[in-house]
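The values are calculated or read from the model by the stated rules, or taken from the named source; none is laboratory data. Not measured: the values here are computed from a predicted model. Using ideal geometry, Cβ is built from the backbone for each residue, glycine included, and neighbour counts are taken over all protein chains shown.
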Amino acid sequence: MRWVVVLVVALVVAWLAGRWANDAAIDKLRVASAQRLDGYAVSLENLLSKYDFLPGTLELNKDVIALLQRPGDEALRAEVNAYLEQLNRRSGSTTIYIVNLKGVTQAASNWRSRQSFVGDYVAFRPYVRDALRGMPGGFYGVGTTSGEPGYFFAHGIYYQGRMLGVATVKVNIERLEQGWEQDAGKVLLADANGVVFLSSVPEWKYRTLKPLPLDVQRELEESRQYFSHPLAPLGQRELRQLDGGAALVTLPGDQRTPLLSLTRSLAPRHWSFVYLSDLSSASASARSVFLFALLVQALLVLLVLYARQRKQTRDHLEVLVAERTASLREMTHHLSEENSVRRAAEEKLRRAQSELVQAGKMAVLGQMAAGMTHELNQPLTALRTMSDNAQVLIERGRLDDAKGNLATISQLVARMGALTGQLRQFARKSDASLTAVAVAVVAAVTSALFLVERRVEQERVNFRMLVRDQDVQALCDSNRLEQVLVNLFNNALDAMADCDNRQLTVNIERANGRALIAVTDSGPGIPEQIRAHLFEPFFTTKPQGKGLGLGLAISEQIIREFGGELRAEAVAAGGARFVIVLPLAEQETA
Ligand code: ADP
């Protein structure tokens, strides 16, 4: 419905614009036509006024007067004929002749020709009649003798206040038509009755602008003004009256294209000049303006549609952005909630891990407990025996021997004290969040070794410590590093339990700006499928009661916490190698 309205409005506006253009073009055409008509009227008047005085001057000629007084004087007639002939030639008129009061031609410039007017009766012709009545005038008509049209000027010839006859001059004004034919418009000149007597279109000549009333028809027949021409109406039809004597008309046989007709009356002669111009240029410009207006409106509609589309898109985008912003805000809220939950969980995890580390330690201690008891029992037994012996020796006065015994006792106690001290140190629960400090790697390895030394000796394991860089300091916690090393040593000893050749090697060095501790054994090594699970908690291949599967998992985590790495490698000669990589403390202190 809306589109129909838009279309109708666009058509109406375009039609109005077209009409306006049409009117403007017609207006312009009318002005141009008026200018043309003015020009043609001036040249007509110029032509006619040249001859206005000529008939009147003939009464100045004595021979003319004499001939009218003595009409039988043939010699005189010949004289006057010659004079008129000469005058006619000089003035460029068609014919000049003298008529007596009875209306009979006495002398004429064309006396030589076969159509000579001399002797003709012309009283019936209106201009002669009027002049005879004392009214000089002009008249356009077709000659009755010659059949040629022309403008007739007639004037009375007076001698001493008495009229003797009439002088008549006929002028050809048809040559004006030649000028009109060049014009794009059509020009016609009609007399007071509307009879067209000059026209740029030959067929329109002697047609009438409107049907003639009967009395006028009769009068024209009598005066033979237009000789025998039938004087049929032209049949033009007026479509619309415009200002200033203009109208839109159509001509029969050419109905389609209206013409602009402009009429100008030539007052003194009661003639009317009509100028007809083709309106096709006006209607063409109207058509173009109509189309142009349609086009402009179509463009406007497109622009409006485009703007609306843009606005819709923008609105849509804004809504989308608002929605997204809201959902983002919600998400952020969600995330921060999740974050706090996660932080709590992490805290919990850290605590749990710390517990796990401790549990791992206790497990190792448990495993070691049996060995330890044995380890402590032996010196205790020795202590008792030696102290008993010392008593006996003192009683017997062998004081030197007793002193020796006591020294040994003191050594044993010191050794036991060192062992328990190490154990206490190992079992100590370290802080959950440790700060890394510089740890002398060689010292840490020595401490750890001390805790497994008995086993190494008992199981006849060949232990070697190959130190390339003596003073390597790793950035970690000594207690934790020892825990890891004890784990690795115990695992190596477990692995080599059934082997004949038991070799445990520790390499200490700096490599690529990091501290490197490699623990290598000559055990059976680690099969590929097991290596993938080594660091998983509770993964163990040891019989129940022997292994918990926590050692490597905890160790790996400890090393990672210090920004380091624990990895297992296969050894070409068989056996397993665990490598601890830790950041160097030296760089930091340096
Ligand atoms: P656990 O010692 O309680 O089994 P660990 O995490 O310390 O737990 O070790 C996991 C497993 O890794 C062991 O059960 C063993 O199969 C394997 N493993 C560890 N060290 C070695 C090694 N040096 N040689 C061969 N296998 C090893």
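Which of the residues spanning segment 167-183 are in contact with an Asp or Glu (Cβ under 9 Å, 6 or more places away or on another chain) and at pLDDT 90 or above? Correct list: 167, 170.
When 483, 470, 458 are checked against the criterion of being within 17 Å of residue 551 (Cα to Cα) and out of contact with any strand residue (DSSP E or B) (no Cβ under 7 Å at 6 or more places or on another chain), 483 stands alone in meeting it. If you check 290, 273 for being over 23 Å from residue 37 (Cβ atoms) and in contact with a Phe, Trp or Tyr (Cβ under 8 Å, 6 or more places away or on another chain), only one passes: 290. One residue alone among 555, 522 is closer than 23 Å to residue 443 by Cβ and either surrounded by fewer than 16 Cβ atoms within 10 Å (Cβ to Cβ) or small (Gly, Ala, Ser) (or both), and that residue is 555. Scanning segment 142-154 for residues that are surrounded by fewer than 22 Cβ atoms within 10 Å (Cβ to Cβ), in a strand (DSSP E or B) and touching a residue at least 60 places away in the same chain (Cβ under 8 Å) yields a total of 1. One residue alone among 493, 481, 485, 475 is closer than 21 Å to residue 353 by Cβ and within 14 Å of the ligand (Cβ to nearest atom), and that residue is 485.
Please go through segment 243-278 and give me each residue that is among the acidic types (Asp, Glu) and surrounded by 12 or more Cβ atoms within 10 Å (Cβ to Cβ), ordered by number. Give the derivation first.
Taking segment 243-278 first, the residues among the acidic types (Asp, Glu) are 243, 254, 278.
The one that is among the acidic types (Asp, Glu) and surrounded by 12 or more Cβ atoms within 10 Å (Cβ to Cβ): 278.
Scanning segment 466-480 for residues that are part of a loop (DSSP other than H, G, I, E, B) and over 9 Å from residue 439 (Cβ atoms) yields a total of 5.
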